Amino acid sequence: MSSASAIVRSLAIGVLACLVGAAVIGASYDLAGARTTLLLLLPLAALVLVLAHWLAANRRRLGGLARQFRFGVIMVVGSILVSVWVAAFAMFLSHHDAVVVTVMATVIGAVALRVGEIVSRGVMSDVESLRDGLEAVGAGSRDTVVEVGGDDELAELAGSVNAMINRLGAEEAKREEADSARRRLVASVSHDLRTPLASLRLLVESIEDGVATGQTRDRYISQLRIHVSVLTGLVDDLFELSRIEAGDITWTMSRIELDSLVGDTVEAMRTEADILGVQVRAELPGDELLAEANPEKVQRVLFNLIQNAIRHTPADGSVTVRARSLSGEVEVEVTDEGSGIAPVDRPHVFEPFFRGGTDSSRTSEGAGLGLAISRAIVEAHGGRIWLEPADSGPGTRMRFTLRSPVPG
């Protein structure tokens, strides 16, 4: 509401109050008294209301809320006293009645001033709590809780401030976690690039200096190809992971027979498992399992999970791949008979470059991106992937789900 319209509304209320008062006088005495009352009260009401709007527009000149409340009480009591003595001079009231009313209005005014101070004290306390809380937040505190004594608009404001503080803390925690993850990623990439690059440099220098000749030179060139292949695979995996997490994917989704895809993938991994003395098998239901997915990407997930399971299973152990249909989705489980994953490592298995265990030298096969890429692929399909809670037996169980096709 604009200032001009607010003044007009206040004046309309004042005129209405004066008319009601004049009507009461007219009904109690006569029309002349009503007319005189109206002529006396209208200018006074208009003056007080315009002054109240002026004070509201110039609150800075009054200072704090307590002083503003005090001025409001003084204005009301003052208008009562003025109206009483104007009425006395107009012969509506005797001098005796005017004095009595003045004393009563003054006493009530003094009490009203004290009431205003008492009420404003609680309001000021809540305002100070809000101010102190915001100052603490501005200074960096995120565990501040603003508490107020009332259950009013200031309490609602305090609730909003507390919610804002919680959001700030959560956002900063996310940002700090993202920064920490970025630093770990950069450190891991640097570490995984340093070793093959150093080997490449030594091999190239040996060939350029003529140190490596004949069969040694051929062997060095073969090693160069291996290191280049490792670097290419690492860069490709990083690029694919970043694209999936950024949503920059153009996969073609179709209705796939997941049971057939699982069986084919297990057969493709059997040679690697046989070399390591590990038995790999698929346990599939007799019914057809359908999923809405990209077959190449789902097979990439299966390859990653089965290959990890084979690598961590001792000779004469086994890896089992199961699939089943659930309500609106299909679930795949890859189980191995390895030593399992340490409790401290379990929350981090899907983080890029995480390999866990005691592998601090990072000399094991793989860059630690397989599970991170698998998670990104599954989540891009609208599914989820997780590490089943450890039970009393050895081994690890990985599970992921995919959406079933919508019946058409």
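Observations, loosely collected:
- Centre-to-centre separation between the Cα atoms of the stretch 132-165 and those of the stretch 264-335: 53 Å.
- Calculated FRET efficiency for the pair ARG384/VAL406, C-beta based, R₀ 22 Å, to 0.05: 0.75
- Stretch gain in nm, segment MET164-THR232, where the contour uses 0.36 nm per residue and the Cα spacing is subtracted: 19.9 nm
- ALA268-SER190 FRET efficiency (beta carbon distance; Förster radius 35 Å; 0.05 resolution): 0.55
- Full-stretch length increase - ASP152, GLU245 - with 0.36 nm per residue and alpha-carbon distance subtracted: 29.0 nm
- Net length gained if the chain between GLU257 and SER327 were fully extended (0.36 nm per residue, minus Cα distance): 23.5 nm
- FRET efficiency, 1/(1 + (r/R0)^6) with R0 51 Å, evaluated for ASP132 and VAL20 via beta carbons: 0.65
- Each of ILE13 and LEU197 was given a label point 7 Å from its Cα along the Cα-to-Cβ line. The distance between the two points is 7.4 nm.
Rule-based calculations on the coordinates, nothing more; no lab input. Predicted model, so just to flag it, every value in this text is computed and none were measured. Counting neighbours? That spans all protein chains shown, and the Cβs are built from the backbone with ideal geometry, glycine included.
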